[in-house]
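Here's the structure we're looking at; comments come further down.
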Amino acid sequence: MKREASCSCGQLSIAADGEVVKISACHCQACQRRTGSAFGVAVFFNKKDLTISGVSNSYSRSGDSGRSIEFRFCPDCGSTVYWMPEFRRNLVAVALGCFAEPASLIPTQSVYEERRLGWVGFNLPGAG
């Protein structure tokens, strides 16, 4: 299935022509700051299944693992569209909210639960 994602202004886009590897809702403080929200959601794909179009700027930071994560964002509107964690070199994470059709992209895991804000609740498939 082909899925398309883009920044707010449409200048930076990514097309995924492959299966989703996993979808992760992250409650860490860095994701809260990056999104300006209560959590971030990453849709992971194999790097080989992606086609990227447009110009991006990058920002790198160390993750909790001590390894770097390189975030790519639109220089025009500032939307973070995708990122590449050093510890998963073959995967690229795409921001859930950038997809044209995000409704079918349901998280398969929720991480950093200890930092989850008390009013946030998930009913993930298979959780029980």
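Each reported figure results from applying straightforward, stated rules to the coordinates on display, with no laboratory input. Just so it is clear, the model here is predicted, and its values are computed rather than measured. So basically every Cβ, Gly included, is an ideal-geometry build from the backbone, and we count neighbours across all protein chains shown.
Working ranking of peptides 90-96, 117-123, 3-9 by packing, defined as the average number of other Cβ atoms within 10 Å per residue, highest first, is 90-96, 3-9, 117-123. Computed from phi, the 3J(HN,Hα) profile of region 104-119 under the Karplus parametrisation 6.51, -1.76, 1.60 (θ = phi - 60°) reads 8, 9, 9, x, 9, 8, 10, 10, 6, 4, 5, 9, 5, 5, x, 8 Hz, with x in place of Gly and Pro.
When the charge dipole of the chain is built from unit charges on Cβ atoms (+1 for Lys and Arg, -1 for Asp and Glu) and taken about the Cα centre, the candidate among GLN11, ALA38, ILE69 whose Cα reaches farthest toward its positive end is ILE69.
Backbone geometry of region 39-48 corresponds, through the Karplus equation with coefficients 6.51, -1.76 and 1.60 at θ = phi - 60°, to 3J(HN,Hα) couplings of 6, x, 10, 10, 9, 8, 10, 5, 3, 5 Hz, x marking Gly and Pro.
Between LEU12 and CYS7, the built amide H atoms are under 5 Å apart, and every one of these is 5 or more places off in sequence or on another chain.
If you put +1 on each Lys and Arg Cβ and -1 on each Asp and Glu Cβ, how big is the dipole of region 2-112 around its Cα centre, in Debye rounded to 20?
Dipole about the Cα centre, nearest 20: 280 debye.
Which residues does a label at SER62 reach in region 15-51, if reach means a backbone N under 20 Å from a point 7 Å past the Cα toward the Cβ? So the set is 28-34. With contacts taken as Cα pairs under 8 Å at a separation of at least 6 residues, the chain carries a relative contact order of 30 percent.
Modelled label positions at GLU70 and VAL55, each set 7 Å beyond Cα in the direction of Cβ, lie 1.9 nm from each other. When the trypsin sites (Lys or Arg not before Pro) in region 68-106 are filtered for DSSP coil states and for at most 12 other beta-carbon atoms within 10 Å of their beta-carbon, the remaining sites are ARG89. Tell me whether region 2-112 comes out rounded, prolate or oblate; compute the Cα gyration tensor, take square roots of the eigenvalues as a ≥ b ≥ c, and use a/c under 1.5 as the rounded threshold. Rounded.
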